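Colleague: Would you mind keeping the following structure in view while I ask a few things?
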Amino acid sequence: MEKSSKQSKIDLKLRTLAQKEVFTTGEAAIVCNVSQQTIIRCFDNGRLNGFRVPGSRFRRIPRSELVRFMRKNDIPLDTLKEGKPRILIVDDDPGIVELFTDVFSRDDRYQIKTAGTGYDAGLLTESFKPDLIILDYMLPDINGNIVCERIRSQEKFADTKIIIVSGVINQNEIDELMSAGADEFIKKPFNISDLRKRIDFFLKVS
């Protein structure tokens, strides 16, 4: 029972760290599975960027910089991923949103959120931090390639997978989407079973 309680506290600590945007050197050490002194040395010699709290010697490391440091040093990002993989569905077609919501509500392997505009997609990307985005190309306020570019411009979303779905699109637009950072294009109407297989593949879920 004591071991289980200790493990629960560790799990809670890791879930809390997964949500943070700024880390202390001690927290960064836990995330990277190294000693705090290693993090301090990397900070002080410029390998790990951040800032000092004004009027103190305390160091702070932004999430995006910690992710960059972890990637550069081949440190797994698993600790920064909270719980189940997160999927953001962005589509202004209520029927498509309802379809995905119904399908994934019966699949407890994923966390799901939905958005109907590019603006809402941007806000949810920041707060929800999706591992994968299913993105309609033609949204009411913006096209999918712009959404892709904005997401890919942020280092912290470099690992986020983007699947574009659309029923009206030509090859030139598909090429633009892939250049903008989409991982895959799927034409509507699509086979939901095939799409789920692609999602499982991208998120490495079985």
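Computed from the coordinates by the stated procedures, all read-outs in this text should not be read as laboratory data. Owing to the predicted nature of the structure, the values given are computational and were not obtained by experimental measurement. Don't worry about glycine lacking a Cβ; one is built from the backbone with ideal geometry, like all the others, and counts go over all protein chains shown.
Colleague: Report Rg(Cα)/(2.2 N^0.38 Å) for the range 133-194, keeping two decimals.
Modeller: For the range 133-194, the normalised Cα radius of gyration is 1.07.
Colleague: Continuing with the same structure: Which of rounded, prolate or oblate describes the range 94-142 when judged by the alpha-carbon gyration tensor and an a/c cut-off of 1.5?
Modeller: Judged from the Cα gyration tensor, the range 94-142 comes out oblate (a/c at least 1.5, b/c at or above a/b).
Colleague: So, one more: Measuring from label point to label point, each 7 Å out along Cα→Cβ, what is the Ile186 to Asn45 span in nm?
Modeller: With each label placed 7 Å out from Cα toward Cβ, I get 4.6 nm.
Colleague: Just want the answer: with Cβ charges of +1 for Lys and Arg and -1 for Asp and Glu, which residue in Gly26, Ile163, Ile96 is farthest toward the dipole's positive end in the chain?
Modeller: Gly26
Colleague: For the pairs Lys113/Lys156; Lys20/Lys187; Lys20/Lys197; Lys13/Lys84; Lys156/Lys188; Lys72/Lys197, flag any whose C-alpha to C-alpha distance is greater than 28 Å.
Modeller: With Cα atoms farther than 28 Å apart: Lys20/Lys187; Lys20/Lys197; Lys156/Lys188; Lys72/Lys197.
Colleague: Below 11 angstrom from the Cβ of Gly144, what's the summed charge of the other residues (Lys, Arg +1; Asp, Glu -1)?
Modeller: The answer is -4.
Colleague: What is the spread of the Cα atoms of the chain along each of their three principal axes, largest first, in whole Å?
Modeller: Sorted largest first, the three principal extents are 56, 44, 28 Å.
Colleague: Let me ask something else about it. Stretch Glu149-Arg196 to full length: gain in nm at 0.36 nm per residue minus the Cα-Cα span?
Modeller: That works out to 14.5 nm of additional length.
Colleague: Compute the long axis of helix 192-203 from its Cα atoms, compare it with the longest principal axis of the Cα atoms of the chain, and write down the angle in degrees, 0 to 90, nearest 10.
Modeller: 20 degrees
Colleague: What is the angle, in °, between the Cα long axis of helix 171-180 and the longest principal axis of the Cα atoms in the chain? Nearest 10 is fine, range 0 to 90.
Modeller: 10 degrees
Colleague: Indicate the gyration tensor shape class of the range 86-203 (rounded, prolate or oblate), computed on the Cα atoms with a ≥ b ≥ c the square roots of the eigenvalues: a/c under 1.5 is rounded; otherwise a/b larger than b/c is prolate and the rest oblate.
Modeller: Rounded shape, in that the Cα axes give a/c under 1.5.
Colleague: Output the 0 to 90 degree angle, nearest 10, between the alpha-carbon long axis of helix 2-18 and the longest principal axis computed from the alpha carbons of the chain.
Modeller: Taking the Cα atoms of the chain, the angle to 2-18 is about 70 degrees.
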